[in-house]
Amino acid sequence: MYSKLKSAFIELSEQGRLLEKEVNITAKQLSPREAIGETLRKDFPLLHGKESLMQADFKGALGQAFTDMPGNFNGKIKEILDLELSNNGERALFIATLNAVMRYMNRVDKTIHCKNEAPELCANEIVKNIINKYGSDITLGIIGFQPAIIDNFSKNLLPENIRVTDLDNDNIGKEKYGVIVWDGRKMEKEIFKTCDVLLATGSTIVNNTLEQLTVNAEKYKKPLYFYGTTVAGPAAVLNLERLCFQAS
């Protein structure tokens, strides 16, 4: 999967003669206001230091990626393309830069995380989109703890018809909005077996679990959607279904 992304990135860079251009990437643990603004809901992982938001700036075009291994970089695109992508930090650098460059070349949009009341509005739109297409009697799988999405679905579907997996030990086994959170490492196949439709966080492209999700979706013949800004560029390159309504 990353070989496809690298090939697409190289082709894009060659078309735009960008390989020698400087790209500035800044990564830090943003303050709540910087990351997501002022929200009534206080259990977003971003607000508790579980993740950081890495941002790449390429000639004013911004791309972002969530990661648990933030770092700083100043250099050229060809240096990004030389990364081995062996850990979450390198993959986040690569994805943030890919998103920024694709945004610069008008290949993708909605690469900047939404703020304030917008995450709640986006969650509501995602719920409406899925229910309008598949009905309200489905069993839904949500891969990755995103409280606004889980809460909004729990108000529109029966709690027993919602499955949630996560990799954070602080969430696993806990009841969140009427739903017990499963261990994503142990239940990655079970959630596909037992659900009609799957919705996954786009940050799976950084923690290197996205490819297995697509394999399971194909194996069990289940529709799979990704949400968020991290997956903006990868979704376009890999022809993935993406839901992201309030990002800029």
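The values are calculated or read from the model by the stated rules, or taken from the named source; none is laboratory data. Values in this document were obtained by computation on a predicted structure and should not be read as measured data. So basically every Cβ, Gly included, is an ideal-geometry build from the backbone, and we count neighbours across all protein chains shown.
Taking the condition touching a helix residue (DSSP H, G or I) at 6+ places or on another chain (Cβ under 8 Å), surrounded by 15 or more Cβ atoms within 10 Å (Cβ to Cβ) and in the same structural domain as TYR227 (by TED's automatic domain parsing), does ILE95 pass? Answer is no for this residue. Restricting the first member to segment 4-32 and to residues that are more than 13 Å from MET102 (Cβ to Cβ), and the second to residues that are modelled with pLDDT of 85 or more and among the hydroxyl-bearing types (Ser, Thr, Tyr), the beta-carbon pairs closer than 7 Å and six or more apart or on different chains are LEU19/SER13; ILE25/THR97. Listed by first and then second residue, the pairs linking a residue in segment 50-62 that is closer than 16 Å to GLY228 by Cβ to a residue that is buried (at least 20 other Cβ atoms within 10 Å of the Cβ) and aromatic (Phe, Trp, Tyr), with Cβ atoms under 7 Å apart and 6 or more places separating them unless they lie on different chains, are GLU51/PHE66; LEU53/PHE66.
Restricting attention to segment 69-92, the residues that are more than 18 Å from ASN208 (Cβ to Cβ) and surrounded by 18 or more Cβ atoms within 10 Å (Cβ to Cβ) total 2. The residues of segment 125-159 that are closer than 17 Å to LEU198 by Cβ and of a type in the set (Gly, Ala, Ser), listed by number, are GLY135, SER136, GLY141, GLY144, SER154. The set of residues from segment 203-230 being surrounded by 19 or more Cβ atoms within 10 Å (Cβ to Cβ) and touching a Cys at 6+ places or on another chain (Cβ under 8 Å) comprises TYR227, GLY228, THR229.
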